[in-house]
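The values are calculated or read from the model by the stated rules, or taken from the named source; none is laboratory data. Please read all numbers here as calculations on a predicted model, not as lab measurements. Here Cβ is always computed from backbone atoms with ideal geometry, including for glycine, and neighbour counts include all displayed protein chains.
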């Protein structure tokens, strides 16, 4: 990694700029669709920067502590949050996050990733079908607490997964897209804060790099726009976008794991 202590401000800025762009793009997608910030930023850190998966996941969650706070406030202001659903998600999610962070700190959790991605790709295809077939009727989801626990665990252990797992499965159960996205994004703040604290306890402050600051700047700048998009895009197109994104990212992850 570059020695930023030896660089002037202009050099540091231009070095950070790609990460600012990654953070902005990732948060725009995440704020509007309720997923993909962790997937996009974690991939950039591992593939393009060469960070070990554990350090990349710690970096992503350190950044998400701030971006999810900004995104959550935006969704609250736009009344995109179902508070009953929020309460049911947040505590199981935090418990799962702590367990996942400890697992990633001690063993390789990548073994199960292809199987999770195949499952998520099938969920994405189903959401595309639901968006294509006609009117989306909202229903109150029944399976929430176990979903929060699993989503939190996979998010910490895999460097991302809260949005894809929780948002997609709530939509399959019939939850309203706009409220689901807002609630999942708002509850994610508590999840990422818990995971970050666990990583700091296990590996120290190694995640707080200049690259992370770049992603943070871009993510916080984009947070207000995602909430506006989630509020204004109709339910069927929103579900179709979520299904398409979930299918594409999951299929790519499966392909990358097998090649």
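Yes or no: residue 170 touching a residue at least 24 places away in the same chain (Cβ under 8 Å) and surrounded by fewer than 24 Cβ atoms within 10 Å (Cβ to Cβ)? Against the criterion (touching a residue at least 24 places away in the same chain (Cβ under 8 Å) and surrounded by fewer than 24 Cβ atoms within 10 Å (Cβ to Cβ)), residue 170 does not qualify. Residues that are closer than 20 Å to residue 73 by Cα, assigned to a helix (DSSP H, G or I) and modelled with pLDDT of 80 or more occur in segment 144-162; there is at least one.
Counting the residues of segment 1-49 that are at pLDDT 70 or above and not in a helix (DSSP H, G or I) gives 3.
Checking each residue in segment 70-84 for being assigned to a helix (DSSP H, G or I) and under 16 Å from residue 225 (Cβ atoms) picks out 70, 71, 72, 73, 74, 75, 76, 77.
Considering (1) modelled with pLDDT of 80 or more; (2) surrounded by fewer than 24 Cβ atoms within 10 Å (Cβ to Cβ); (3) within 13 Å of residue 31 (Cβ to Cβ), the lone condition that residue 179 does not fulfil carries the number (3). The number of residues in segment 229-252 that are farther than 21 Å from residue 170 by Cβ and crowded, with 16+ Cβ neighbours inside 10 Å comes to 1. Applying the criterion of being in contact (Cβ under 8 Å) with a residue 12 or more places away in the chain and more than 10 Å from residue 152 (Cα to Cα) to the residues of segment 84-103, the residue that is surrounded by the fewest Cβ atoms within 10 Å (Cβ to Cβ) is 103.
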